1. Take Ile44 and decide whether it is β-branched (Val, Ile, Thr) and surrounded by 11 or more Cβ atoms within 10 Å (Cβ to Cβ).
2. Output the strands (runs of 3 or more DSSP E) that fall wholly within the range 14-84 and possess 3 or more residues being of a type in the set (Gly, Ala, Ser), or say none.
3. Restricting the range 88-98 to residues that are assigned to a loop (DSSP other than H, G, I, E, B) and open to solvent by 80 Å² or more (accessible area, probe 1.4 Å), which is farthest from Gly33 (Cα to Cα)?
4. If I ask for residues that are under 10 Å from Ile64 (Cβ atoms) and of a type in the set (Gly, Ala, Ser), which ones from the range 1-32 would you list?
5. When the residues of the range 19-36 are narrowed to those that are over 26 Å from Arg84 (Cβ atoms) and out of contact with any strand residue (DSSP E or B) (no Cβ under 8 Å at 6 or more places or on another chain), which ends up most open to solvent (accessible area, probe 1.4 Å)?
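The values are calculated or read from the model by the stated rules, or taken from the named source; none is laboratory data. This one's a predicted model, so the numbers in the text were calculated from it and none came from an experiment. In this analysis, Cβ positions are derived from the backbone assuming ideal geometry, glycine residues included, and neighbour counts consider all displayed protein chains. Please note that ligands, DNA and RNA were not included when accessible areas were found on the heavy atoms of the full protein model with its side chains. Shrake-Rupley method; radii C 1.70, N 1.55, O 1.52, S 1.80 Å.
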Amino acid sequence: MAAKLKKGDKVVVLAGKDKGKEGTISSVDPKTGKAIVDGINIAIRATRQSQTSQGGRIPKAMPIQLSNLSLIDANGKATRVGFRMEGDKKVRFAKTTGDVIDA
């Protein structure tokens, strides 16, 4: 299946403890259907001190299910993503406005 959400997309969280928060996708794992969004779904992880890094309690962004994320359109609202052919190229577009996301 084609990727409706990609790295660098600005998204809003639809469900969970961070509902309504916005962020940018830093990585996507299509195999598990999850994405890591900057500043969303933060958990505190304890790490051991080493020669290269300081130990302690470090906040880390945890993966969030793709179905709980929605792309933000030009108007700043959540939108679903569709696909259409423009010439000989398949492009993503916002269902609310009809605008092409990636030209």
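1. For Ile44, the condition - β-branched (Val, Ile, Thr) and surrounded by 11 or more Cβ atoms within 10 Å (Cβ to Cβ) - is not met.
2. It comes to 22-29.
3. So, considering only residues that are assigned to a loop (DSSP other than H, G, I, E, B) and open to solvent by 80 Å² or more (accessible area, probe 1.4 Å), the one farthest from Gly33 (Cα to Cα) is Asp88.
4. Those that are under 10 Å from Ile64 (Cβ atoms) and of a type in the set (Gly, Ala, Ser): Ala15, Gly16, Gly23.
5. Lys31
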